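Novice: Sending over a structure as structure tokens; questions will come in a sec.
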Amino acid sequence: MMSFAPTGQVLEDVAARIAARSGELRREYLARLEEVRRSHPPRRKLSCGNLAHAAAACSAHEKMPVATGSVPNLGIVTSYNDMLSAHQPFATYPDLIKEEARTRGATAQVAGGVPAMCDGVTQGQPGMELSLFSRDVIAMSTAISLSHNVFDAALMLGVCDKIVPGLVMGALSCGHLPTVFVPAGPMPTGLSNDEKTRVRQAYASGEVGRDALLASEMKSYHAPGTCTFYGTANSNQMMMEIMGLHVPGAAFVPPGTPLRDALTRAAVRLSVDAVRAPQGVRGIGERLGPKAFVNAIVGLHATGGSTNHLLHLVAMARAAGLVITWEDFSDLATVVPLLARIYPNGPADVNQFHGAGSIAFVIRALLRGGLLFREIETVAGHDLAAYAREPWLDSGRLAYRDVADEPLEPSILRTIDNPFQANGGLALLTGNLGRAVVKTSAVRSDRLALTAPARVFESQEQFMEAFKANQFDRDVVIVVRQQGPKANGMPELHSLMPALGVLENRGLRVSLLTDGRLSGASGKILSALHVTPEAESGGPIGLIQDGDLITIDAATGRLELAVDAARLMARVPARSNSAAATASLGRDLFSVFRASVGRADLGAATFWSEVA
């Protein structure tokens, strides 16, 4: 059994550091919320014409309540579309929410929709260059949806990668409103993750054809609901639970079930209760303080969550007037153990994780170990322990019960005193190449470090051409640069993973170094991601040449290029192909985003000046 001595002091130190670092920024943010609440109460200052427009499409018995403000009016912001499996279930939610609102003496209206693009569809395609920027578009769309100022509270319907962080950022721009996040749940388990990986690698090496690959993929992604691996989408749902923005236990209940409907109805009840709270309304901006964000980082480490959240959590916090850094992630990783093995950290999918005890088990374990702040404001109250129980239907009514004391499947979930590894699933690297992050939870312990010659590529396509030409016969650090936010929007590079896996299966030691992303589906290849400064901003990654010796060491946090500084600075930096980033599929409209986007370690956001 692995010994581990938990301590909450690091959590206290990090939260205090965030509060001190944020200082005036947070005070200004909270003052702005109070001023909006004072000077622009919902509907109170709207003209009769304004109100008539807002109520025009309502049913006869709802027109006057909406126009006069006599009852709470809930704004629904939805990411529904029926191309994206995770968001297709939201088609039925507005009617359910409106029905429940009526039973609670309230009204509800769809305030607006936000775009929800699918990284699974755009992987390796030009559209992926818009993926990260879509988060900021979603934030702006959310703000527009709520800008009519006719809502007393908001419900956010979203699940996937950039959608939930964008909804959080947008909601925080109207942070005076109580806000509940409402998920849809995962699709049923399909083809096993191990078999899916095997077929992908067989296709990459030419052993099977496209027909076999397509059949495999369609068995994996086959029904409404979230993809079942533990990528950014499902990491989002974990975070919404552990930050107290969900109805407790809502994250991984399947769509189209009575329990899912009961949880959605409960979101309405909690929203109405928040508006009618006798102690006064508390908005999402006031609820999400330093301790909530520390809890989110702890949950990310404990479950081996997505590297994308080293971008998204930083940006979400900044929207709340808080400044968190990659050092905060790194410090928390030293005390938070890995308690879950979910693909790509292990063979289980999120349905199996949910059946083994789910987030409730993880939260209870972390609370018992002093590794979460228990007393934080949540939509369900002031005690995170409410999220350490599992929901069920008792004679058709939503109820809660304790989870098992021991994990039902120790290959998926563990307790604090017997973790899968003693520290968190993410690591920060620093050195003369800048800063980068590694998802360590999916990498074998004997593969956490590599020193090898570089092979440099300016695109995924260049690497794939070299792979298909069998140009790799020795240990190598694959450098794929010009993939940062300023260069081309920082696309995910998942199309590299099957080929890199093939090289490792051939007995080579392989690592990836990139200023791009891989996200929660980062595989078993040691990958240094989000390299900052990026090549397009003059970062040292743009000076690497074929054959340079590079060290990537996730165990010690080193990221080093074995070239002396004088020789390095004499080199001519690599240049990006900026024309490719504006060639087609809407990318030309995002030049202003590429020009204004901030550094990866500051959240890669387009809204704010950089705050270190």
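Results for (1) touching a Leu at 6+ places or on another chain (Cβ under 8 Å); (2) within 21 Å of residue 377 (Cβ to Cβ); (3) crowded, with 24+ Cβ neighbours inside 10 Å, shown as yes or no for each residue.
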residue: 289; (1), (2), (3): yes, yes, no
residue: 296; (1), (2), (3): yes, yes, yes
residue: 303; (1), (2), (3): yes, no, yes
residue: 311; (1), (2), (3): yes, no, yes
residue: 323; (1), (2), (3): yes, yes, no
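Novice: Next up: For the stretch 493-514, what are the residues that are in contact with an Asp or Glu (Cβ under 9 Å, 6 or more places away or on another chain), farther than 16 Å from residue 457 by Cβ and touching a residue at least 60 places away in the same chain (Cβ under 8 Å)?
Specialist: Of everything in the stretch 493-514, just one residue is in contact with an Asp or Glu (Cβ under 9 Å, 6 or more places away or on another chain), farther than 16 Å from residue 457 by Cβ and touching a residue at least 60 places away in the same chain (Cβ under 8 Å), namely 509.
Residue-by-condition table, conditions (1) at pLDDT 95 or above; (2) under 21 Å from residue 169 (Cα atoms):
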position	(1), (2)
217	no, no
233	no, yes
257	yes, no
261	yes, no
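Novice: Ok, one more. Which of the following residues is surrounded by fewer than 17 Cβ atoms within 10 Å (Cβ to Cβ) and in the same structural domain as residue 255 (by TED's automatic domain parsing): 107, 78, 103?
Specialist: On inspection, the qualifying residue turns out to be 103.
Novice: Step by step: first the residues of the stretch 515-559, then only those that are without any contact (Cβ under 8 Å) to a residue 40 or more places away in the chain and not aliphatic (A, V, I, L, M), then the one that is nearest to residue 334 (Cα to Cα). Which residue is that?
Specialist: So the residue we want is 516.
Novice: Pairs under 9 Å by beta carbon, first residue in the same structural domain as residue 369 (by TED's automatic domain parsing) and within 20 Å of residue 352 (Cα to Cα) in the stretch 406-425, partner among the small types (Gly, Ala, Ser) and surrounded by fewer than 20 Cβ atoms within 10 Å (Cβ to Cβ), six or more apart or different chains?
Specialist: Nothing qualifies.
Novice: Determine whether residue 379 is buried (at least 18 other Cβ atoms within 10 Å of the Cβ) and either free of Cβ contacts under 8 Å to residues at least 12 places away in the same chain or under 24 Å from the mean Cα position of the chain (by Cα) (or both).
Specialist: The answer is yes for residue 379.
Novice: With 478, 525 as the choices, which residue is crowded, with 24+ Cβ neighbours inside 10 Å and β-branched (Val, Ile, Thr)?
Specialist: The unique qualifying residue is 478.
Novice: Of the residues that make up the stretch 345-353, is at least one surrounded by fewer than 18 Cβ atoms within 10 Å (Cβ to Cβ) and free of Cβ contacts under 8 Å to residues at least 60 places away in the same chain?
Specialist: No.
Novice: Among the residues of the stretch 52-73, which ones are touching a residue at least 60 places away in the same chain (Cβ under 8 Å) and farther than 18 Å from residue 275 by Cα?
Specialist: Selection gives 54 alone.
Novice: May I pose another question? Taking residue 271 and the conditions (1) within 22 Å of the chain's Cα centre (by Cα); (2) modelled with pLDDT of 95 or more; (3) buried (at least 21 other Cβ atoms within 10 Å of the Cβ), which numbered condition does it fall short on, given that it satisfies the others?
Specialist: The number of the failed condition is (1).
Novice: Just a yes or no: is a residue in the stretch 45-54 in the same structural domain as residue 370 (by TED's automatic domain parsing) and among the aliphatic types (A, V, I, L, M)?
Specialist: Checking the stretch 45-54: not a single residue is in the same structural domain as residue 370 (by TED's automatic domain parsing) and among the aliphatic types (A, V, I, L, M).
The values are calculated or read from the model by the stated rules, or taken from the named source; none is laboratory data. This one's a predicted model, so the numbers in the text were calculated from it and none came from an experiment. Methodologically, a virtual Cβ is constructed for each residue, glycine included, from the backbone with ideal geometry; neighbour enumeration extends over all protein chains shown.
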